[in-house]
Amino acid sequence: GAVVSQHPSWVICKSGTSVKIECRSLDFQATTMFWYRQFPKQSLMLMATSNEGSKATYEQGVEKDKFLINHASLTLSTLTVTSAHPEDSSFYICSALPLAGVGNTGELFFGEGSRLTVL
Amino acid sequence: QKEVEQNSGPLSVPEGAIASLNCTYSDRVSQSFFWYRQYSGKSPELIMSIYSNGDKEDGRFTAQLNKASQYVSLLIRDSQPSDSATYLCAAKGYNFNKFYFGSGTKLNVKP
């Protein structure tokens, strides 16, 4: 159980275009999903916290108009990188926190990650 | 002080040895702790969670929590080359929806 699917796993796009990344919890509901970015040999960097049905909370320094997050249902959150530039090339990873309840141990589960390359 | 701190390593151990990974935390996190393994180019994978003082064992892995010292550790017995990865220590904040990650310790298990 507790599978998080992220799609696409890798994407190459031209500078100035937009890219959408999907994050789905396959066998559980998640009111909260997190989006991270990770550059090579660096730590996870939290970009934003996504709550179902409400606006995402962005970390300091993350442009909300550039990284659009939508959490339309209890199993799906999307991250859209708008007007992508080469410096946005990175490994983007989502994670999902199962809905509080019986059997919920408060563990966070990660998607497989999406590697974005902007040419 | 960061909420969760780890030595970045690398920690090198010979195959078959015990690898000991350590993590300290601040008062700003709650008492839920997690260890994740991240292979190069992959996303983190949950290995263990620990909530109570003491040891918790799962196969070759043992997590240890010492609340008095604000210290969490992960022991890997009979280390294998396939255990070579970066290990992330994480803690849940008092805000239920906040998680704090250490910068990770890189483990190399030499054949």
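Towards the positive end of the charge dipole of the protein assembly as shown, with charges on Cβ (+1 Lys, Arg; -1 Asp, Glu), say which of A:Ser15, A:Ser114, A:Thr49 has the farthest Cα.
Farthest towards the positive pole: A:Ser15.
Could you identify which residue out of B:Ser84, B:Ser40, B:Ser32 has the top mean-square fluctuation in a GNM of chain B using Cα springs shorter than 10 Å?
Ranking B:Ser84, B:Ser40, B:Ser32 by mean-square fluctuation puts B:Ser40 first.
With a 1.4 Å probe and every protein chain kept in, tell me what percent of the accessible surface of region A:59-119 is carbon plus sulfur.
55
What size of dipole, in debye to the nearest 20, comes out for region B:1-74 about its Cα centre when the only charges are +1 on Lys and Arg C-beta atoms and -1 on Asp and Glu C-beta atoms?
120
R0 = 45 Å: FRET efficiency of A:Lys64 with B:Ile18, Cβ-based, nearest 0.05?
Efficiency, from the Cβ-Cβ distance: 0.50.
Can you list the aspartates and glutamates whose alpha carbon sits under 17 Å from that of A:Lys66, skipping same-chain ones fewer than 8 residues off?
A:Glu22, A:Glu87, A:Asp88
Based on the mean of other beta carbon atoms within 10 Å per residue, what is the order of A:72-81, B:62-71, A:9-18, most packed first?
Top of the packing list down: A:72-81, B:62-71, A:9-18.
If every alpha-carbon in chain B counts as one equal scatterer, what log10 I(q)/I(0) does Debye give at q = 0.18, 0.24 1/Å?
Normalising to I(0) and taking log10 leaves -0.83, -1.40.
Shape of the protein assembly as shown from its Cα gyration tensor (a ≥ b ≥ c, root eigenvalues): rounded if a/c is under 1.5, otherwise prolate when a/b > b/c, or oblate?
Prolate, because a/c is 1.5 or more and a/b exceeds b/c.
Do any cysteines in the protein assembly as shown lack another Cys Cβ under 4.7 Å, and if so which?
A:Cys13
Just in region A:13-91: which GluC sites (Glu not before Pro) are loop by DSSP and have at most 10 other Cβ atoms within 10 Å? Intermediate values should be presented prior to the final figure.
On the way: sites: A:Glu22, A:Glu52, A:Glu59, A:Glu63, A:Glu87; in loops: A:Glu52, A:Glu59, A:Glu63.
Sparse-neighbourhood loop GluC sites (Glu not before Pro): A:Glu63.
Going by the alpha-carbon gyration tensor, a ≥ b ≥ c the square roots of its eigenvalues, is chain A rounded (a/c under 1.5) or, if a/c is not under 1.5, prolate (a/b greater than b/c) versus oblate?
prolate
Specify the inter-centroid distance of region B:45-111 and region A:30-84, based on alpha-carbon positions, in whole Å.
What the calculation gives is 25 Å, centre to centre.
To the nearest 20 debye, what is the magnitude of the charge dipole of region B:28-111 about its Cα centre, counting +1 on the Cβ of each Lys and Arg and -1 on the Cβ of each Asp and Glu? List each step's numbers first, then the result.
Details: 11 positive and 6 negative charges, 57 e Å.
Computed about the Cα centre, the dipole is about 280 debye.
The values are calculated or read from the model by the stated rules, or taken from the named source; none is laboratory data. Note that the coordinates shown come from a computational prediction; the quantities given were computed from them, not determined experimentally. A quick note on method: Cβ atoms are made from the backbone with ideal geometry, for glycine too, and the neighbour counts reach across all protein chains shown. Accessible surface is based on the protein model in full, side chains and every heavy atom, while ligands, DNA and RNA are left aside. Shrake-Rupley method; radii C 1.70, N 1.55, O 1.52, S 1.80 Å.
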